[in-house]
Ligand code: HEM
């Protein structure tokens, strides 16, 4: 085996694929947040943005296909890495060092699948509208407001955003580890930067259902 297949078969190859696709997904999450925050600028701005996007099928479908490929590679590499790690240690740890495996790293196993489930629900809710009782394909602003006025729906979104926050926090951290970033002075700084970036993204998203429930956005 040589070249690309060999790279993919190795643990470092899969970790690199996870880091690169993770970065692409992070780019989407940040861009999507920026677009969604237009809800605070009023219906005209948010709907104009959605119309602009839908009027450019090349951009929209290019992004959708890129996203799908990134998600698929991210998940396949994660599952295969988990298998490789288990195969490398068939007996398991005699005693797990939970203190060192950070809280966020232990949550990757369930936060990843929960985010995937959330995205399926989210597409049925805001893109296809089949999970939205008052869906209007031409009024994204209205869909967001009437969607989040249901406290249970907002609760599901907030829970999903918290999972996303934990996932991003550890994701950044793992990415730096893959890149070999380990330095007594910079490592704690990177750890703080990872936490701050994850928290900013999470709070940015949570602000939307929170503002709708508080009646500030209606
Ligand atoms: C408060 C949180 C969020 C709001 C208000 C929101 C809003 C929306 C809306 C309105 C759409 C449909 C856009 C349209 O059809 O023009 C959409 C699509 C989408 N959202 Fe979100 N979103 C949120 C969080 C997220 C998060 C955290 C993710 C990923 C983890 C995500 C992933 C997606 C995806 C993949 C699509 C489909 C894009 C497409 O192909 O059209 N969203 N979102």
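Arrange 10, 111 by Cβ neighbour counts within 10 Å, fewest through most, would you? All intermediate terms of the calculation are to be shown ahead of the outcome.
Details: 10 13, 111 22.
Ranked by crowding around the Cβ, least crowded first: 10, 111.
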Against the longest alpha carbon principal axis of the chain, how many degrees, from 0 to 90 and to the nearest 10, is the axis of helix 186-213 turned? 30
For labels at residue 59 and residue 11 in the simple 7 Å Cα→Cβ model, what's the distance in nm? 4.3
Using Cα springs under 10 Å in a Gaussian network model of the chain, which residue among 180, 171, 112 shows the largest mean-square fluctuation? 180
Between helix 151-178 and the chain: long-axis angle, C-alpha atoms, 0 to 90°, nearest 10: 30
I'd like the FRET efficiency for residue 138 and residue 68, computed as 1/(1 + (r/R0)^6) with the beta carbon distance as r and R0 of 25 Å, rounded to 0.05. 0.50
Against the longest principal axis of the chain, how steep is helix 103-122, in degrees 0 to 90 to the nearest 10, with axes from Cα atoms? 40
Points 7 angstrom from Cα along the Cβ direction at residue 195 and residue 109: gap in nanometres? 2.4
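Can you sort 8, 52 from fewest to most other Cβ atoms within 10 Å of each residue's own Cβ? Kindly include the intermediate steps, with their values, before the conclusion.
Numbers: 8 16, 52 11.
Ranked by crowding around the Cβ, least crowded first: 52, 8.
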Ranking of 106, 6 by count of other Cβ atoms within 10 Å, fewest first: 6, 106
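Values in this text are rule-based calculations from the coordinates and carry no lab data. Just so we're clear, the structure is a prediction, and the values are computed from it rather than from any experiment. Positions of Cβ are generated from backbone atoms using ideal geometry, with glycine treated the same way; all protein chains shown enter the neighbour counts.
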